[in-house]
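Some notes on the structure that comes next.
Quick note: the coordinates plus some simple rules give every number you see, no bench work behind them. None of the values given here were measured: they were computed from a predicted structure. Here the Cβ is made from the backbone with ideal geometry for all residues, glycine too, and neighbour counts use every protein chain on show.
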Amino acid sequence: MKYVDEFRDGVLAKNLAASIAQESRPDKTYRLMEFCGGHTHALSRYGLLGMLPANVQMIHGPGCPVCVLPIGRVDLAIRLALEHDVILCSYGDCLRVPASEQMSLLKAKARGADVRMVYSALDAVKIATQNPTRQVVFFAIGFETTTPPTASVIKQAQASGLKNFSVLCNHVLTLPAMEAILTQPGGVPLQGLVGPAHVSTVIGSQPYQSITSRFRMPIVISGFEPLDLLQAILMLLRQVNEGRAEVENEFTRAVTPEGNRKAQALVDEIFEVRDSFEWRGLGSLPVSGLKIRAAFAEFDAELRFPDLVYRNVPDHKACECGAILRGEKRPQDCKIFGTVCTPDNPVGSCMVSSEGACAAHYTYGRYTDSKGMP
Amino acid sequence: MSKTKSIYVRPLDIKQGRVDMSHGSGGRASAQLIETVFTAALDNEYLRQGNDGAVLPLPPAGSRLVMSTDGHVVSPLFFPGGNIGSLSVHGTVNDLAMMGARPLWLSASFILEEGLPLADLLRIVDSMARAAKTAGVVIVTGDTKVVERGKGDGVYISTTGVGYVQGTTNPSGNRARAGDTILLSGTIGDHGMAIMSQREGLQFESAIESDSAALHGLVAAMLATGADIRVLRDPTRGGLATTLNEIARQSGMGMVIDEAGIPVNKAVAAACEFLGLDPLYVANEGKLIAICAAADAAMLLAAMRAHPLGQSAAEIGAVIEDASCFVQMKTKLGGRRMVDWLNGDQLPRIC
Ligand code: SF4
C-alpha cells in the first residue's frame, strides 16, 4: 500500500494546491477539461475541486463510455435480449442505462430476458462455451482501453471455432471526440485538456500532437491518482501562462509516446473504423467508432442478427446529458438533477456510471449547490 | 435430566452427522438435537426447565426495559475473528447497549438448512455460549426449525434481547445538536473486510479479523463519566457513512468529519483499495459512534481509550447546522466532499 499512499499524501497535495494558486493569474480564467470520466470521479471523490482557485475551472468531458452510449445502441441490446432469446452479457454499468420506453437491460431482465453481468469480455466467452445451444452476445463498450480485450476474445472465439458467440460492438475513439469538442459551434472556450490515463497507455502520447498543433490546445496526460491530477493541472497552467501548446505527459510511469504497439496491432487486426458513429451529446461523428472487420464478420452481432437496425432516439426532454457531455452545462444546471433524477432512479446516462458527471456531483459534490460554493 | 433414562436409541453422531428434516419435526429427533447441542452448550436454569418460555425477574425499580431484535444471515458462517454464533449474540447485545442499556436476557431462533454438519452447528452454538458468558447475558429461550436443502445458507439465527436502562440515560439518534462532537471507538471496516476476504479467496499479508465484540462494557464505562451521551450507534451494515447519514437525518443536522482522523487498519485499507471499496461503507460489528456536547468530549474520549475495546478511539468530527442534513468530509488531501448514503451496489469500474 506504500505505492498508493505515495499518491495520496496530504502534505504534497497542499503544496501542489499552493503552487497552482501561485501559478494562476488573477486576471485570467482557466477552463480546463478533464476528458476522462475516471478523472471526473477522482476530482470529486478526493474533494480536489474545492482546492483549486475560483478562476481554475474543471469542465467535465465526454470520456465516460457508459455516458456517451446513445439510447439507440442500448435499445439494440435490449431487443437482442428480449426478442432473440440470446444470453446478453454486459458490464454492470450498462445495466441501468435508461433506454426507450422506460426500459433498461435490468428491466428487460426482470421481464425474463437472459441478461448477465460480466466483469470482462472473457467471462462472456466462458458463458458461450458453457451454453452451446444458446446464442451469446457480448455488449462491448468503451474507449481504447477496453477494445483490446474485446479484440482478443473475438480472435480466441475464431481460433476455437466458437459458433454461438458474437459481439455488439460500440467501441469508440478518443481523438475524434476531442476534436468534436474543440470544433463544435458555440462550445465552451477551453484553455487546456487533461488527457486520459488508461487510454493513453494503449494509444500513447503521440496521437494527441495533432490536437495540440491544430487547435493550439495544451494537453497534459494524467494518471488517476489525486496527486497526478493536481500535478497535471499545474502543468496545464504553466503551459497556458507561457503560451505553449504541447502534449505533456504527467503519467510517465505508464504512458509512452508510442503506446502499447501489441495492443494496437491486435485491435487493428480485428476492427476497422466505421464511417460514422452516433454519440450521446456529440451526435453522429465521422470515423469515431469501430466495427468488426469482414474476416471476423461471423462474430459481429449486427450481421448475425440482420433485422437489428439502429434507430436514433432522442434523450429524455429534461435531460441535459448532451450539453453536459459537450462541456456546456454542469449537472446542477439540469432542472431534474437530484429530484427526479438520482442514482437510484437515473433519467440519463450521466447519472448511471460512477464516472458520469451527474453521478459524481450527486454523490460527492451536491452539498455545495445550496451554498454557491465551487 | 441426567437421572431419567435416555429416551434416545442412539446418541447423536456429532462428528459425521448432519441436520435432516426430522430434526425440525418436533418429535424425538428434535428433542435430542435440542438437548445434545443447545441445552448442553447454553446450559442455564431457564433452559433446563424445558418450558415454552422463560419466567424472568423484574429489573431494578425505577429502571426502564429495553428490547431489541436482530436477524443474522452471514455467509460464510465462519470467518476470522468469529462466526455466526458469536455474531448473533454481539449483534443484539450491541443494539441494547446503543440504547444505553445493560443487557440481561436473549432469546435465539435458529433456521437450520438440511445437510448442515452437526459439528458446524455445535461449533456455532459453543461460540454463542462463550460470547453470552463473556457478555454476562443468558440465553433463556429458543426455537429451532429446519428448512429443505437449498432454502437457507446453512443456518440463520435471530436473537432478541431484553435489558434495562437507568436514570436519565437517553441516547437517541435525534439528539445531535450543532456544535456537538462526534467520537468513534476504533478502526472501521474490519468486520466487512474479514468476510470479503473469505468470500473472494483473497490472501493479504496480515489476516483481517472481524471486530465482532459486545460493546455494553465500553458503554457502561462511558456512562460512568456522567457525560450526557446524546447519540450512541454501532455502524454495522452500511458502515460509518450510512450510520452518520441516518443520525444526521434523524437529528435534522449536518456533519463535518475529518478523513485523517478516522482510524483504518492498514490491511483493511489495502483490501478496500484492491477491491475498489470505500472503508466508510464497510460493516463493523464491534465499534460505536458517540455524539456528545463539545465540553464533554475530552472526558468521554479518555474513558473510551481506557477501555480495551476503545483503545484507538478518536474524535472524528462535529455536528453542524444544515437543513439538508449533508455529511461532509475533509479529505486527507485537504479537499472536501460529501459522504452520501450508499448508492445502489458498488459495481466494478470498466475503464
Ligand atoms: S441529472 Fe439526470 S436527467 Fe439531468 S442531465 Fe444528469 S443524467 Fe440527465
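Quick one: if the Förster radius is 22 Å, what FRET efficiency do A:L303 and A:Q130 give, using the C-beta to C-beta distance and rounding to 0.05?
It comes out at approximately 0.35.
Modelled spin-label separation between B:D258 and A:R214, with each label point placed 7 Å from Cα along the Cα-to-Cβ direction: 5.1 nm. Summary of packing: across the peptides A:349-360, A:66-77, A:103-114, the per-residue average of other C-beta atoms within 10 Å ranks them, highest first, as A:349-360, A:66-77, A:103-114. Diffusion of region B:173-338 by Stokes-Einstein, at 37 °C in a medium of 0.692 mPa s and with Rh set to the Kirkwood radius over alpha-carbon pairs, works out to 206 µm²/s. Between helix A:10-23 and chain A there is an angle of about 70 degrees, using the helix long axis and the longest principal axis of the Cα atoms.
Rounded to the nearest Hz, the phi-derived 3J(HN,Hα) couplings of region B:312-321 under the Karplus curve 6.51 cos²θ - 1.76 cosθ + 1.60 (θ = phi - 60°) are 9, 4, 8, 7, 10, x, 9, 8, 10, 6, where x marks glycine and proline. For B:K332, give me every one of the lysines with a C-alpha distance below 21 angstrom, ignoring sequence neighbours fewer than eight places off in its own chain. Partners found: A:K2, A:K14, B:K266. Taking the helices alone, chain A has a mean residue ellipticity at 222 nm of -10000 deg cm²/dmol, built from -39,500 (n - 2.57) per DSSP H run of at least 4 residues and averaged over all its residues. Scanning chain B for GluC sites (Glu not before Pro) that sit in a DSSP loop and have at most 15 other Cβ atoms within 10 Å, the longest stretch containing none of them is B:1-147.
Among the residues of A:349-359, the average count of other protein chain beta-carbon atoms within 10 Å of the residue beta-carbon is 2. Evaluated on region B:6-165, the Kirkwood hydrodynamic radius is 16.1 Å, with distances taken between all distinct Cα atoms.
Here's the picture: charge each Lys and Arg Cβ at +1 and each Asp and Glu Cβ at -1 in region B:6-165, and of B:T69, B:G81, B:A119 the one pushed furthest to the positive end of that dipole is B:G81. Taking label positions 7 Å along the Cα-Cβ direction at both A:N241 and B:L12, the computed distance is 7.6 nm, reported to one decimal.
Against the longest alpha carbon principal axis of chain A, how many degrees, from 0 to 90 and to the nearest 10, is the axis of helix A:226-242 turned? Its long axis makes an angle of about 60 degrees.
A straight Cα-to-Cα reach below 20 Å connects A:K329 with the aspartates and glutamates A:E34, A:E179, A:D315, A:E320, A:E355, A:D369, residues fewer than 8 places away in its own chain not being considered.
Projected onto their three principal axes, the Cα atoms of chain A cover extents of 65, 46, 45 Å, largest first.
Quick check: the angle from helix A:261-270's long axis to the longest principal axis of chain A, C-alpha only, nearest 10 degrees? That helix lies at roughly 40 degrees to the long axis.
Any idea what the dipole of the protein assembly as shown comes to, in debye rounded to 20, about its Cα centre with Lys/Arg Cβ at +1 and Asp/Glu Cβ at -1?
Computed charge dipole of the protein assembly as shown: roughly 400 debye.
Could you tell me whether chain B comes out rounded, prolate or oblate from its Cα gyration tensor? Rule is a ≥ b ≥ c as square roots of the eigenvalues, rounded for a/c under 1.5, then prolate if a/b exceeds b/c, otherwise oblate. The shape class here is oblate. Shape descriptor for the protein assembly as shown: Rg over Rh equals 1.03 (Cα atoms; Rh from the Kirkwood inverse mean 1/r). Seen from every direction in turn and averaged, the convex hull around the alpha carbons of region A:321-363 projects onto 2.5 nm².
Calculate the mean, over all residues of peptide B:322-334, of how many other protein chain Cβ atoms lie within 10 angstrom of the residue's Cβ.
6
So what is the relative contact order of chain A, in percent, for Cα pairs below 8 Å that sit 6 or more residues apart? Dividing the mean separation by the residue count of chain A yields 22 percent. Its relative contact order, with pairs defined as Cα atoms under 8 Å and 6+ residues apart, puts chain B at 20 percent. Extending 7 Å from the Cα toward the beta-carbon at both A:T342 and A:A254 defines two label points whose distance is 3.3 nm.
For the peptides A:193-199, B:24-30, B:52-58, A:287-293, the ranking by packing is A:193-199, A:287-293, B:24-30, B:52-58, with the highest mean count of neighbouring Cβ atoms within 10 Å listed first. Note down the relative contact order for region A:321-363 as a percent, whole number, built from C-alpha pairs under 8 angstrom at least six residues apart. Relative contact order of region A:321-363: 32 percent.
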